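In what follows, a single structure is set out as structure tokens and then discussed.
The values are calculated or read from the model by the stated rules, or taken from the named source; none is laboratory data. This structure is a prediction, so every number in the text was calculated from the model and none was measured. Every residue, glycine among them, receives a Cβ derived from its backbone with ideal geometry; neighbour counts consider all protein chains shown. Areas reflect the complete protein model, heavy atoms only, side chains present, ligands, DNA and RNA absent. Shrake-Rupley method; radii C 1.70, N 1.55, O 1.52, S 1.80 Å.
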Amino acid sequence: MILRKNNCYVITGGPGVGKTTLVNELAKNDYKVLHENAREIIKKELDNNGDGLPWKNKERYTNLMLDAAVISYSSVSQHDPQPYFFDRGILDTICYANMIGLEISAEMNSIGKNSLYNKKIFILPPWEEIYHSDSERKQTWEEAVQTFTIMKETYLNYGYEIIEVPKDTVENRVIFLLNTINSIR
């Protein structure tokens, strides 16, 4: 059964573009947010000597990310009038699977086609001035740019409309996001 949750807004893009900063700012302003699961999964796998890591067992890592994204999506009622902001969505996992050459299973594709967020998603463009890698974010700048391009294609292929969030202060990005949502609600 196809279920579109119009109160669920995805904030996506490549790594290091300010998604988490934007989501954290929304949370500070009492908006409902669901945080990205990748860092939590990586930390848990490292703490437990697991191999579900993007630099070890990419397939297991992908499955852990998909499971976590589905749980996050399922935790929100479509009848809740409040907007919810997701730091990445289910399709981000499908994009990642495509990037690493993993076959998109029928089940994964079905989840992507049937677990729908608001039709308009917010994508943050590559921004070299704020990009940095760390112990959990190991992508190069070139990989970050490629991720943005493939992420955009993935969401478009699944029928979403993309709204690019301008490079600006976090406060102005929040204002842009909220003004956009108010104009489409």
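If I filter region 121-130 for residues that are at pLDDT below 95 and under 24 Å from Cys8 (Cβ atoms), do I get at least one hit? Yes, some residue in region 121-130 is at pLDDT below 95 and under 24 Å from Cys8 (Cβ atoms). Checked across region 84-99, the condition of being touching a residue at least 24 places away in the same chain (Cβ under 8 Å) and of a type in the set (S, T, N, Q) holds for at least one residue.
Quick test of your reading of the structure: Gln146 fulfils all but one of (1) within 23 Å of Leu3 (Cβ to Cβ); (2) of a type outside the set (A, V, I, L, M, F, W, C); (3) open to solvent by 20 Å² or more (accessible area, probe 1.4 Å). Name the failing condition by number. Every condition holds for Gln146 apart from (1).
Residues that are in a loop (DSSP other than H, G, I, E, B) and open to solvent by less than 50 Å² (accessible area, probe 1.4 Å) within region 106-126 comprise Tyr117, Asn118, Pro125, Pro126, listed in sequence order.
Return the residue satisfying two criteria in turn: it lies in region 167-184 and is free of Cβ contacts under 8 Å to residues at least 40 places away in the same chain and among the aliphatic types (A, V, I, L, M), and of such residues it is surrounded by the most Cβ atoms within 10 Å (Cβ to Cβ). Applying the filter and picking the extreme gives Leu178. Among the numbered conditions (1) open to solvent by less than 50 Å² (accessible area, probe 1.4 Å); (2) at pLDDT below 95, the only one that Met99 does not meet is (1). Any residue at all in region 75-93 that's under 23 Å from Phe176 (Cβ atoms), in a loop (DSSP other than H, G, I, E, B), among the aliphatic types (A, V, I, L, M) and open to solvent by less than 30 Å² (accessible area, probe 1.4 Å)? Yes. Asn29 meets all of the listed conditions (1) at pLDDT 95 or above; (2) surrounded by fewer than 17 Cβ atoms within 10 Å (Cβ to Cβ); (3) closer than 25 Å to Trp127 by Cβ but one, namely (1). Among the residues of region 9-26, those that are open to solvent by less than 70 Å² (accessible area, probe 1.4 Å) and β-branched (Val, Ile, Thr) comprise Val10, Ile11, Thr12, Val17, Thr20, Val23.
Every condition in (1) of a type in the set (A, V, I, L, M); (2) more than 18 Å from the chain's Cα centre (by Cα); (3) in a helix (DSSP H, G or I); (4) within 22 Å of Glu153 (Cα to Cα) holds for Leu102 except the one numbered (3). Scanning region 1-24 for residues that are part of a helix (DSSP H, G or I) and either touching a helix residue (DSSP H, G or I) at 6+ places or on another chain (Cβ under 8 Å) or at pLDDT below 85 (or both) returns Thr21, Leu22.
Each residue in region 41-67 was checked for being in contact (Cβ under 8 Å) with a residue 24 or more places away in the chain and either surrounded by fewer than 19 Cβ atoms within 10 Å (Cβ to Cβ) or outside any helix (DSSP H, G or I) (or both), and 5 of them qualify.
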